Amino acid sequence: MEKPYSREDLDSFLKIAVRLAKEGGDVLRHYWGNLRSIQSKEGSGNIVTEADKASEEVILQILGDTVPTHGVLAEESGAHEHRGTPYLWVIDPLDGTTNYAHMLPMVSVSIALLYSGVPIVGVVYNPILDDLFTATIGNGSYLNGNRLQVSRVKDLEHSLLATGFGYDRRTVKDNNYAEFIHFTNLTQGVRRLGSAALDLAYVASGVFDGYWERGIQPWDVAAGALLVSEAGGQVTAYEGTSVDLFSGRILATNGHLHKDMIDTLKTQLAPINHA
Ligand code: IPD
Ligand code: CA
């Protein structure tokens, strides 16, 4: 079947995505170390800063100017109604807000373009380290222009994994603590960077061998999921079925570890969490 978008379309969407990420990143650099306002959002420990809001404002402005007919879903302002278009920009203007507020430089702007729910462009930009991760569907993943490839690690014993914990972690039983302990015992380590988009970018880079998380939002993972699959990795639901970016759960690996991680999540942990 002929694709509804051409290679040229993808290139021009990627250019827009990079511009959004860089301009959002400029805002994040501007407020870095100069925050005046940190507010609480719903969920204990969930904060928002003036940098999140200002970055999103700049990004939405550019989207409105360049692709006014496309749909938008952005963390701070939600869904912007555009009926009848299959294109949806999914935006996190600052992924890693807690790190940002504490000046830990694991922060990013995450920009994805979905076509009928499938990511076709993904950009994750760390403005502090100036790391630009980019991917378009069918054309590979890149860090600052250099092609990325997932790792070759074949077993959990030799792996380094990443995960995170949702803002509801203090109030729900299914809070990922059991999984964290279990995988920590099975692997060389599990890291909690505090930016899901960067966790996925580092799976794409071969730094991490796998990543899983629950309680996650589509804007945290939509761009990173494409980075991983375009770098040769695998991205699914916890059960191994096709991933729903709106489901709140994601499993991403180098492919070699996928079955072991599914089995561990299913046989060891599901009974504990859902008892
Ligand atoms: C958070 C980060 C974190 C993950 C949380 C997310 P935010 O996003 O991605 O790594 O563990 O679940 O909510 O709030 O910094 O945009
Ligand atoms: Ca955010």
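The values are calculated or read from the model by the stated rules, or taken from the named source; none is laboratory data. A quick note: this is a predicted structure, and the numbers were derived from the prediction, not measured. No Cβ is skipped: glycine too gets one built from the backbone with ideal geometry, and neighbour counts run over all protein chains shown.
When each of D92, D26 is tested for being assigned to a strand (DSSP E or B), in contact (Cβ under 8 Å) with a residue 60 or more places away in the chain and among the charged types (D, E, K, R), the lone residue that passes is D92. Comparison of R147, R170 shows that the only residue that is among the basic types (K, R), surrounded by fewer than 16 Cβ atoms within 10 Å (Cβ to Cβ), over 25 Å from K259 (Cα atoms) and modelled with pLDDT of 95 or more is R147. Among the residues of region 181-198, those that are within 13 Å of ligand 1 (Cβ to nearest atom) and more than 19 Å from D52 (Cβ to Cβ) comprise V190, R191, R192.
Go through region 204-246 and report how many residues are in a loop (DSSP other than H, G, I, E, B) and either surrounded by 24 or more Cβ atoms within 10 Å (Cβ to Cβ) or within 14 Å of ligand 1 (Cβ to nearest atom) (or both).
8
Condition test on E57, is it surrounded by fewer than 19 Cβ atoms within 10 Å (Cβ to Cβ), within 16 Å of ligand 2 (Cβ to nearest atom) and either farther than 23 Å from G166 by Cβ or of a type in the set (F, W, Y) (or both)? Criteria met by E57.
Here is a yes/no grid of residues against (1) touching a helix residue (DSSP H, G or I) at 6+ places or on another chain (Cβ under 7 Å); (2) surrounded by 13 or more Cβ atoms within 10 Å (Cβ to Cβ); (3) not charged (D, E, K, R):
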{"residue": "E23", "(1), (2), (3)": "yes, yes, no"}
{"residue": "I38", "(1), (2), (3)": "yes, yes, yes"}
{"residue": "T49", "(1), (2), (3)": "yes, yes, yes"}
{"residue": "L94", "(1), (2), (3)": "yes, yes, yes"}
{"residue": "H102", "(1), (2), (3)": "no, no, yes"}
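For region 1-50, the tally of residues that are more than 24 Å from G164 (Cβ to Cβ), hydroxyl-bearing (S, T, Y) and touching a Ser or Thr at 6+ places or on another chain (Cβ under 8 Å) stands at 1.
If the condition is being touching a helix residue (DSSP H, G or I) at 6+ places or on another chain (Cβ under 7 Å) and part of a loop (DSSP other than H, G, I, E, B), then region 156-190 contributes T163, G164, K173, D174, T187, Q188.
Taken over region 65-89, the criterion of being in a loop (DSSP other than H, G, I, E, B) and more than 16 Å from ligand 2 (Cβ to nearest atom) is satisfied by V67, P68, T69, H70, E81, H82, R83, G84, T85, P86.
Condition check ((1) in contact with a Pro (Cβ under 8 Å, 6 or more places away or on another chain); (2) among the small types (G, A, S); (3) within 16 Å of ligand 2 (Cβ to nearest atom)) across all residues:
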| site | (1), (2), (3) |
| --- | --- |
| A178 | no, yes, no |
| Q188 | no, no, no |
| A196 | no, yes, yes |
| G206 | no, yes, no |
| V228 | no, no, no |
| G233 | no, yes, no |
| G240 | no, yes, no |
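Selection of region 126-155 for residues being in a strand (DSSP E or B), touching an Asp or Glu at 6+ places or on another chain (Cβ under 7 Å) and not hydrophobic (A, V, I, L, M, F, W, C) yields only S141. Here is the figure for region 1-21: residues that are without any contact (Cβ under 8 Å) to a residue 12 or more places away in the chain and assigned to a loop (DSSP other than H, G, I, E, B) total 4.
To keep it simple, each residue is scored yes or no on (1) more than 15 Å from ligand 1 (Cβ to nearest atom); (2) among the acidic types (D, E); (3) over 16 Å from S108 (Cα atoms); (4) modelled with pLDDT of 95 or more.
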{"residue": "V72", "(1), (2), (3), (4)": "yes, no, yes, yes"}
{"residue": "G78", "(1), (2), (3), (4)": "no, no, yes, no"}
{"residue": "H82", "(1), (2), (3), (4)": "yes, no, yes, no"}
{"residue": "L88", "(1), (2), (3), (4)": "yes, no, yes, yes"}
